[in-house]
Amino acid sequence: MEYRRLGKSGLQVSALSLGSWLTFGKQIEDGTAEACMKLAYDQGINFFDNAEGYAAGQSEIVMGKILANMGWARDTYLVSSKVFWGGDKPNQKGLSRKHVIEACEAALRRLQVDYLDLYFCHRPDYNTPVEETVFAMNTLLQQGKILYWGTSEWPADRIMEAHLVARENNLVPPTMEQPQYNMFTRRWVEVNYQSLYDRGMGTTIWSPLASGILTGKYNDGQIEGKGSRFDIAGLDWLKEAIFKDGRLDKVRALTALAEEAGMTMTHMALAWCLKNPHVSTVILGASRVSQLEDNLKSLEALPKLTPDVMAQIETILDNKPERVEF
């Protein structure tokens, strides 16, 4: 396993990590979740990602039981939660001081840990002043209930505002951002956040396989029977994403390139994300142990992404975002 600093912090995070968004407490059995976490840990993964909104908290309950059962030394792994979607009532969601602090307490109980290594604001809350959220996060830092805090899917100007608030009040700014990043979703990581990397921001990226399309398993244009996630309520948008903007044609061409370069489409897509020096860790999702075993092999594909192969990938994708100068 390769380890990287989380931005400019001193924290070391495994280049590949394991998330629980669509799986723990929802798509897979608890025994499978435990087997995946054990495999991940044994293979050097030290970061396990979660959120209060995943399976309405059940994902954290499942992960918490696994952590308790495994008995791993607390200084050998990192665990996260995210705050925003805690419930339907007014103060059960958003980033108010009340919800940020109460959600953290609830996550600690579900995960059965004394502190969270990473705590993310799951989305921007435009009904709450950034100052209120920054101060709430710093309260939790001072109490030792979280060690680092960050954002997820926040626009760059909102993150910058949080940095300015922190600087003006001698507080700790957000350390990391968790954006979606893959061959088809690039602008925020490659362009919008550029000015924030100099301020020390790291990224813990999700959906590196673009909801599975970058595995190549949908190259025949059929999705039925290819993955149970399409049967999950509320995920109809995944089906639409697979077929839009000529993506399948590009994945077919990328698959041929991957085979020519001696790797699978999945490994090439994951390694491509890891090639970005601003990516601290790539969060994997797995519904089967065998799937995770295979994804872990993507590190072996990194040397195969030569400058020539990277150039061919760009030609096929034809979507490199350009920085706009003002």
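The values are calculated or read from the model by the stated rules, or taken from the named source; none is laboratory data. These numbers come from a predicted model, not from an experiment. Every residue, glycine among them, receives a Cβ derived from its backbone with ideal geometry; neighbour counts consider all protein chains shown.
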Restricting to the stretch 80-119, count the residues that are in a helix (DSSP H, G or I), under 17 Å from residue 136 (Cα atoms) and of a type in the set (A, V, I, L, M, F, W, C).
7
With 212, 225 as the choices, which residue is part of a loop (DSSP other than H, G, I, E, B) and modelled with pLDDT under 95?
225
Taking the stated definitions as given, is residue 9 assigned to a loop (DSSP other than H, G, I, E, B), touching a residue at least 24 places away in the same chain (Cβ under 8 Å) and either closer than 24 Å to residue 197 by Cα or under 15 Å from the mean Cα position of the chain (by Cα) (or both)?
yes
Keeping to the stretch 256-268, report how many residues are buried (at least 20 other Cβ atoms within 10 Å of the Cβ) and not small (Gly, Ala, Ser).
5
Determine whether the stretch 184-192 contains at least one residue that is touching a strand residue (DSSP E or B) at 6+ places or on another chain (Cβ under 7 Å), under 30 Å from residue 291 (Cα atoms), modelled with pLDDT of 95 or more and acidic (Asp, Glu).
no
Would you confirm whether or not the stretch 128-142 contains a residue that is assigned to a loop (DSSP other than H, G, I, E, B) and closer than 30 Å to residue 244 by Cβ?
no
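Condition check ((1) out of contact with any Cys (no Cβ under 7 Å at 6 or more places or on another chain); (2) among the aliphatic types (A, V, I, L, M); (3) crowded, with 22+ Cβ neighbours inside 10 Å; (4) modelled with pLDDT of 95 or more) across all residues:
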site: 35; (1), (2), (3), (4): yes, yes, no, yes
site: 40; (1), (2), (3), (4): yes, yes, yes, yes
site: 71; (1), (2), (3), (4): yes, no, no, yes
site: 77; (1), (2), (3), (4): yes, no, no, yes
site: 97; (1), (2), (3), (4): yes, no, no, yes
Does the stretch 275-296 contain any residue that is in a helix (DSSP H, G or I) and farther than 22 Å from residue 37 by Cα?
yes
Checked the stretch 269-305 for anything within 14 Å of residue 209 (Cα to Cα) and without any contact (Cβ under 8 Å) to a residue 40 or more places away in the chain; matches are 271, 291, 294
Does residue 138 count as within 30 Å of residue 161 (Cβ to Cβ) and either in contact with a Lys or Arg (Cβ under 9 Å, 6 or more places away or on another chain) or buried (at least 18 other Cβ atoms within 10 Å of the Cβ) (or both)?
yes
Take the residues in the stretch 146-195 that are part of a loop (DSSP other than H, G, I, E, B), within 22 Å of residue 269 (Cβ to Cβ) and among the hydroxyl-bearing types (Ser, Thr, Tyr), then tell me which one is farthest from the chain's Cα centre (by Cα).
193
Out of the stretch 295-326, which residues are aliphatic (A, V, I, L, M), under 23 Å from residue 187 (Cβ atoms) and under 24 Å from the mean Cα position of the chain (by Cα)?
305, 310, 313, 317
Looking at 2, 60 in this structure, which one is within 30 Å of residue 271 (Cα to Cα), surrounded by 16 or more Cβ atoms within 10 Å (Cβ to Cβ) and touching a residue at least 24 places away in the same chain (Cβ under 8 Å)?
60
